[in-house]
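Undergrad: This structure is in structure tokens; I'll ask about it shortly.
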């Protein structure tokens, strides 16, 4: 009887344990930053190209806003800096870039870029692990007129610029 009870408990624990893993997540990996491309993309020294999840920053054609966002990310993850890359559901984008939540110690870089006003929320399911944090960060940045929110730098959102729906878009 005791053995049967223990077997049922073990089976129940196994079933409950498998239910706890709601969504697969790629294991975290380390990266030494080689160069920062813009406000949401950088390269690791080992050749990986990384795109920050959950955020979007101005494109090169958007002038000073692009440069400001690029410099802001470079301040957070300067070349030579070690960062931790945390995956979500989809590992790469259509350009082959690794999609990641980027950490420097206990700081979520993606969130910091949005909170400081150098990037905006850009949620693309199924990669939504920290979407609520990013949303709160954007609300704070807008309310405080942080970064590009103070200068009209987001009058044309990066996604709208890429689509050509802003005045002066390519």
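The values are calculated or read from the model by the stated rules, or taken from the named source; none is laboratory data. Since we're looking at a predicted model, the values are computed, not measured. Here the Cβ positions follow ideal geometry from the backbone for every residue, glycine too, while neighbour counts run over all protein chains shown.
Undergrad: Mind listing just one residue for me: the one in segment 124-155 that is part of a loop (DSSP other than H, G, I, E, B) and either at pLDDT 95 or above or touching a strand residue (DSSP E or B) at 6+ places or on another chain (Cβ under 8 Å) (or both) and, of those, surrounded by the most Cβ atoms within 10 Å (Cβ to Cβ)?
TA: 154
Undergrad: Pick from segment 156-170 the residues that are free of Cβ contacts under 8 Å to residues at least 12 places away in the same chain and in a helix (DSSP H, G or I): which of them is nearest to residue 66 (Cα to Cα)? Explain how you work it out, then say what you get.
TA: Within segment 156-170, the first condition is being free of Cβ contacts under 8 Å to residues at least 12 places away in the same chain, and the residues that meet it are 160, 163-167.
Now restrict to residues that are in a helix (DSSP H, G or I): 160, 163.
On the way: 160: 14, 163: 17 Å.
Top of the filtered list is 160.
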